[in-house]
1. Any residue at all in the stretch A:146-160 that's of a type in the set (D, E, K, R) and open to solvent by 10 Å² or more (accessible area, probe 1.4 Å)?
2. Which one of these does A:Val46 not meet: (1) surrounded by fewer than 21 Cβ atoms within 10 Å (Cβ to Cβ); (2) not in a loop (DSSP other than H, G, I, E, B)?
3. I'm trying to understand the selection: among the residues of the stretch B:100-132, which are outside any loop (DSSP other than H, G, I, E, B) and more than 13 Å from chain A (Cβ to nearest Cβ)?
4. Tell me, which strands (runs of 3 or more DSSP E) wholly within the stretch A:76-190 include 3 or more residues that are within 18 Å of the chain's Cα centre (by Cα)?
5. Looking at the stretch B:77-95 only, could you name the residues that are open to solvent by less than 30 Å² (accessible area, probe 1.4 Å) and either assigned to a loop (DSSP other than H, G, I, E, B) or not charged (D, E, K, R) (or both)?
6. How about the stretch A:161-177: which of its residues are open to solvent by 10 Å² or more (accessible area, probe 1.4 Å) and either without any contact (Cβ under 8 Å) to a residue 60 or more places away in the chain or β-branched (Val, Ile, Thr) (or both)?
7. Would you be able to say whether some residue in the stretch A:109-116 is surrounded by 10 or more Cβ atoms within 10 Å (Cβ to Cβ), in the same structural domain as A:Pro175 (by TED's automatic domain parsing) and more than 24 Å from A:Leu182 (Cα to Cα)?
8. Would you confirm whether any residue within the stretch A:91-104 is within 14 Å of chain B (Cβ to nearest Cβ) and open to solvent by less than 20 Å² (accessible area, probe 1.4 Å)?
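The values are calculated or read from the model by the stated rules, or taken from the named source; none is laboratory data. No experiment lies behind these values; they were computed from the predicted model shown. Glycine also receives a Cβ, built like all others from the backbone with ideal geometry; neighbour counts cover every protein chain displayed. To get the accessible areas, we keep the full protein, side chains included, count just its heavy atoms, and leave off ligands, DNA and RNA. Shrake-Rupley method; radii C 1.70, N 1.55, O 1.52, S 1.80 Å.
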Amino acid sequence: MSSTGPSDTGPLAPARRWTMWLPLALFALFVALVAYGLLWPASKEVPSRFVGQALPEFDLPPAAAGRPGLKRSDLADGKPRLLNVFASWCIPCAVESPQLARLAAAGIEIDGVAVRDRKADLAGFLERNGNPYRRIGADDRSIVQVGIGSSGVPETYLIDGRGVIRYQHIGEIRPEHIPLLLDKLKEAGL
Amino acid sequence: MTMRFPIGLQRALLCLAILLAPLAAGTLRADDIMPPAPYAYRQLDDPALEAKAQRLMESIRCLTCQSQSIADSDASLAGDMRSQIRERIAAGEEPEAIRTWLVERYGDYITYAPRVTSLTWPLFAAPLAFLALAALLLRKRFGFGRPGADRTDGGGAA
């Protein structure tokens, strides 16, 4: 601080010149970090940690007329299949129904878990969108949904012949997802 | 035949219509209308058990509204999870066992009480490291433990 002639301890001394830019550089870094977060937001999907684990024990009553309910032993009969977690109140569930119909037509067995659904609503949904399911269990209190680590609808689980979850598809199945699902089914021994 | 309103009144009516639209569209919301699970909105009769359940529910993240706890959220899935937690606590299960059960299904994301793992240990270690660093710097500054290096006593015996 003392002004006793020219010295190298002043505010523009060579050693200190670059530190002058440090706050601005830190600020730029912060702006870049925020911009990155805004432009490429983190995924909000919560994948199930239960992939690779055997399904928990459950026994759901039938949710729709003409289709039996769903229990764990139905899903461990030696043949891989898809377990579709859905609901009539879920819009993307209607979007994926043509894809489910295609998979069912290709001989894939699809079982459904109808989450917090009213019988009348579900009947209307199946009438409008078709019914690719062999069995539909009514999960009125999200027991199976939470039991397999599902965080929303629709989600589709690939179950192998021993009742072990091999793959989880989050969100609606779009046409471009079908080859991947068929590959995974083949891997599981179809 | 058509009703004509002054432009200001038209705007006011439009605003009112927009404000009231969600009420009219109540049946169109993309959520279920099932009655809630038994213990979603009902406390356990035993206050001690309810307090246990409440402490756990406040630290479990809602999967639908991801910045709320299931205790705070009105999402149906959160209600179902509250009911499951209360029923399991009433059946004698320990809160931490239920937390572990949930972490097995949803990962650490589900809990607001982070565990120390190979991924999260810096969160716990960093404050300690900063405290140690601060102690070191302050020690230097105050000159503790360095009796020969005090700067104020410059005129003492050499």
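1. Within the stretch A:146-160, none of the residues are of a type in the set (D, E, K, R) and open to solvent by 10 Å² or more (accessible area, probe 1.4 Å).
2. (2)
3. Listed by number, the residues that qualify are B:Trp121, B:Pro122, B:Leu123, B:Phe124, B:Ala125, B:Ala126, B:Pro127, B:Leu128, B:Ala129, B:Phe130, B:Leu131, B:Ala132.
4. In the stretch A:76-190, A:81-86, A:110-115, A:155-159, A:165-170 are the strands (runs of 3 or more DSSP E) which contain 3 or more residues that are within 18 Å of the chain's Cα centre (by Cα).
5. Result: B:Leu77, B:Ala78, B:Gly79, B:Met81, B:Ser83, B:Gln84, B:Ile85, B:Ile89, B:Pro95.
6. Within the stretch A:161-177, A:Val164, A:His169, A:Ile170, A:Glu176 qualify.
7. yes
8. yes
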